[in-house]
Amino acid sequence: MRVEFFPCDSVTEPRHWVRHEEGLAMMLGRGSIEWGSKRSSMERVDYAAGDLGVCPHHEEKWVGLMNTPHLQLIISDGALMAASERKSSEVGLPAYRQFADPRLGALMAAVDAERVAGFPSGRLFLESVELALAVALVNNYAVRPSPGIYRGGLNPARLRKVVELVHAKLDSDLSLEELADAAGLSRTHFSEMFRQSTGQSPHQFVLHRRVDRSKELLRAAEMRVLDVAVACGFKNQQHFARVFRKVCGVSPREYRLEFAHREQPSAAEQDAPFSNRSFGPLPDELSRASVSAVLAG
């Protein structure tokens, strides 16, 4: 998927455009665009922020005034065909000059926020959004929509292959295609079945595994936070801190300090019997109450 941003354009002289790819546009502010199939019959369309438009491939049009900033996403034919489960031929989308769709709008807003931040989430995020956009477009707007509904989840062998790939390449910019190939499925089929198996999208799953790995490295205390971020596949330290706080409720530094504090026994603990000292975090499968009961017994 290609992401393009168009600021307000002061050019008013009509220009002839020929589109060879499917485009989905979202207006980022109020403004107007003049366009039409003929130079002599262009119409002016007034937009509000959040309005959407579909520009189908092979469309020829004349464009004049374009004084509204907008985001345009170029959806690949491969994503559209995957969404419709077609092995060949093109998926036809009609032209929509102006419409509203809350789901498409939310997905495009997420891409715009990613663009403004400098695309810190990597290829997997954009490919996941592209596939979600393609499924919504095919199911709701294509000339011959395909429901694309899948039941059940990945079998244990396929799921294991995907999880092993994620763990082996956590420091890499994983793509949705790589994960789908590991499962031997199309991207659309894989995404639906993976969510049913794990309760998470592939992108969410990878983010959580990266956070899990980062917690192990932060507890080791030998690496800088920046080095931990890079080793776990985050684009930069800011992106790492934002995702870590969202998942864990604290920053990486706060987590490291809290863990170090738990590791350091107090004076009272040092004078206490051996069995009452704290020697680190308890395993996830054991609660403090259960350990206390064992010690009391």
Among (1) surrounded by 14 or more Cβ atoms within 10 Å (Cβ to Cβ); (2) touching a helix residue (DSSP H, G or I) at 6+ places or on another chain (Cβ under 9 Å), where does Phe5 come up short? (1)
When segment 99-127 is checked residue by residue, the ones that are buried (at least 17 other Cβ atoms within 10 Å of the Cβ) and touching a Phe, Trp or Tyr at 6+ places or on another chain (Cβ under 7 Å) are Glu114
If I go through segment 146-170 residue by residue, how many of them are of a type outside the set (A, V, I, L, M), at pLDDT below 80 and under 22 Å from the mean Cα position of the chain (by Cα)? 2
Segment 74-106, subset closer than 12 Å to Ala136 by Cβ and modelled with pLDDT of 85 or more, residue farthest from the chain's Cα centre (by Cα): Asp101
Tell me yes or no: at least one residue of segment 112-125 is under 17 Å from Ala142 (Cα atoms) and modelled with pLDDT under 90. no
Can you give me the ranges of the helices (runs of 4 or more DSSP H) entirely in segment 128-229 with at least 3 residues that are surrounded by fewer than 17 Cβ atoms within 10 Å (Cβ to Cβ) and not basic (Lys, Arg)? 156-168, 202-220
When the residues of segment 230-258 are narrowed to those that are under 14 Å from Leu170 (Cα atoms) and assigned to a helix (DSSP H, G or I), which ends up nearest to the chain's Cα centre (by Cα)? Phe240
Filtering segment 31-70 down to residues that are assigned to a loop (DSSP other than H, G, I, E, B) and closer than 15 Å to Phe6 by Cβ, which residue is farthest from the chain's Cα centre (by Cα)? Asn67
Has segment 103-115 got any residue that is in the same structural domain as Ser76 (by TED's automatic domain parsing) and either outside any helix (DSSP H, G or I) or of a type in the set (Val, Ile, Thr) (or both)? yes
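The values are calculated or read from the model by the stated rules, or taken from the named source; none is laboratory data. As the structure is a computational prediction, the values presented were derived from the model and not from experiment. We place every Cβ from the backbone using ideal geometry, glycine too, and count neighbours over all the protein chains shown.
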